[in-house]
Amino acid sequence: MSEPTFQNILFDESEGIATLTINRPKSLNALDATTLKEISAALDIVKGAPDRIKALIITGSGEKAFVAGADIGAMHALNAIEARELSRLAHEAFGKIERLQQITIAAVNGYALGGGTELASSCDIRYASTKAKFGQPEVTLGVIPGFGGTQRLTRLVGRGKAKEMIASGAMIDAKEAYRIGLVEEVAEPDELMVKTRDLAKKIMANGPIAVGMAKYVIDRGADLPLDLAIDFETQLWGETFATEDQTEGMNAFLEKRKASFTGK
Ligand code: CAA
């Protein structure tokens, strides 16, 4: 089957890393329905190629923005049903990011507002440039976050911080985002992609089944009572001993050599 062509995103693969770049610089990479559908289609490619694609980086094109939110021009005249449909499209795409076996890293290169912070929050890890700005300014437009912000931001930074950000609509800079645990690393703009790719490469050197399972149990376990979550971890830990990667990883350690994982 031939792979789709895209208008509003760029999709590139190199060294086993896929990079999905939101590419509407004239509107600061705002998300409209077409862009959300294209993100979804690109994620299907990543999902279908775990042997070829070991990690995914999501970023924005241009110097200024990661994603400045949902496209206000395309959204302002929507009725309630149409608005719900747009939210559903975003949830479909962002949910796919979370469910990928591969680790996803947001390289936040500039404004990440509204849907931008929501897109970044759906990724497993966030690296930000010193120029990045985060915020959920929806209430300044008379609406609430609709692409997951009330839930994912809250789970990342806690209820008080999420309420402070969402109810004030105020922006925070990369340093503050790092302080509150919204991003894991801050880099100079010209080093952002290098550092993000370095992290992806470190992750890719590890057993892919183990990485995917760790992501899965962290995410699925987070909303369970601790005793159930621990049981869940125990089950999956046991399952890793049924993989060739476990044999290879432990033999390599004992034989004092570098492991060569096959994802089996
Ligand atoms: N939707 C559509 N167009 C947008 C946009 C958006 N979210 N953000 C920026 N743009 C457009 C601007 O309209 C402008 O277009 P023109 O050149 O045609 O006038 C262009 O991008 C450049 O923007 P500015 O001139 O405003 O640039 P600036 O440097 O002065 O300001 C900014 C940058 C602070 C990011 C400002 O553009 C801004 O506040 N943008 C809107 C941010 C926002 O409110 N996002 C939330 C949207 S709602 C949402 O996301 C709901 C949800 O939960 C999903």
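The mean accessible area for residues of the chain, using a 1.4 Å probe and ignoring ligands and nucleic acids, is 53 Å² per residue.
Which residues in the range 83-119 place their backbone N less than 19 Å from a point set 7 Å from the Cα of Thr240 along the Cα-to-Cβ direction? Correct set: 100-104. Spatially close Lys pairs in the range 150-204, defined by Cα atoms under 26 Å apart and a spacing of eight or more places or different chains, total 5.
Of the residues Ala200, Ala167, Ala222, the one that moves most in a GNM of the chain with alpha-carbon contacts below 10 Å is Ala222. The calculated 222 nm mean residue ellipticity attributable to helices in the chain amounts to -14500 deg cm²/dmol, summing -39500 (n - 2.57) over DSSP H runs of n ≥ 4 and dividing by all residues.
Based on the Cβ-Cβ distance of Arg88 and Glu15, what FRET efficiency does E = 1/(1 + (r/R0)^6) give at R0 = 35 Å, to the nearest 0.05? E(calc), rounded to 0.05, equals 0.50.
Using a probe radius of 1.4 angstrom, the carbon and sulfur fraction of the accessible surface of the range 145-264 is 58%.
Based on the alpha carbons, how large is the Rg to Rh ratio for the range 94-145 when Rh follows Kirkwood? Looking at the range 94-145, the ratio lands at 1.03. Largest mean-square fluctuation among Gly95, Gly142, Gly16, in a Gaussian network model of the chain whose springs join Cα atoms under 10 Å apart, belongs to Gly142.
Out of the range 213-259, which trypsin sites (Lys or Arg not before Pro) are coil in DSSP terms and have no more than 12 other C-beta atoms within 10 Å? Here the trypsin sites (Lys or Arg not before Pro) that fit, given the DSSP loop and packing criteria, are Lys256, Arg257, Lys258. Label zone (Ser168, point 7 Å along Cα-to-C-beta; backbone nitrogen cut-off 17 Å) within the range 112-150: 112-114, 133-141.
Roughly to the nearest percent, how much of the accessible area of the range 1-101 is carbon and sulfur, given a 1.4 Å probe?
53
In the frame of its principal axes, the chain has Cα extents of 62, 44, 38 Å, reported largest first. Computing Rg and the Kirkwood Rh from the Cα coordinates of the range 208-254 gives a ratio, Rg/Rh, of 1.06. Out of Ile57, His91, Thr34, whose Cα points farthest toward the positive end of the dipole of the range 1-100 (charges: +1 Lys, Arg; -1 Asp, Glu; placed on Cβ)? The residue sitting most towards the positive pole is His91. Couplings 3J(HN,Hα) of the range 118-132, computed from phi: 5, 5, 4, 5, 7, 7, 6, 9, 10, 10, 10, 7, 4, 8, 5 Hz, in residue order, whole Hz [Karplus 6.51 cos²θ - 1.76 cosθ + 1.60, θ = phi - 60°; x for Gly and Pro]. Electrostatic bookkeeping for Ile53 treats Lys and Arg as +1 and Asp and Glu as -1; over the other residues with beta carbon under 13 Å from its beta carbon, the sum is -3. Scan around Gly110 for amide H atoms under 5 Å from its own, H built in the peptide plane at 1.01 Å from N, and keep only partners 5 or more places away or cross-chain. Sorted by chain and number, the residues that satisfy this are Phe66, Ser129, Lys133. Computed on the chain, with alpha-carbon pairs under 8 angstrom and 6+ residues apart, the relative contact order is 15 percent.
One Cα centroid belongs to the range 44-122, the other to the range 207-223; the line between them spans 21 Å. Once the Cα atoms are used to define both axes, helix 159-168 deviates from the longest principal axis of the chain by about 30 degrees. One Cα centroid belongs to the range 141-171, the other to the range 235-264; the line between them spans 41 Å.
Segment Thr140..Thr34, full-extension length gain: 35.7 nm, with 0.36 nm per residue of separation and the alpha-carbon distance subtracted. With θ taken as phi - 60° and the Karplus curve 6.51 cos²θ - 1.76 cosθ + 1.60 applied, the whole-hertz 3J(HN,Hα) list for the range 254-261 is 5, 8, 6, 9, 7, 6, 10, 7 Hz, x standing for glycine and proline.
The values are calculated or read from the model by the stated rules, or taken from the named source; none is laboratory data. Given the structure is predicted, the values throughout are model-derived calculations rather than measurements. Positions of Cβ are generated from backbone atoms using ideal geometry, with glycine treated the same way; all protein chains shown enter the neighbour counts. Keep in mind that these areas ignore ligands, DNA and RNA; they rest on the heavy atoms of the full protein, side chains included. Shrake-Rupley method; radii C 1.70, N 1.55, O 1.52, S 1.80 Å.
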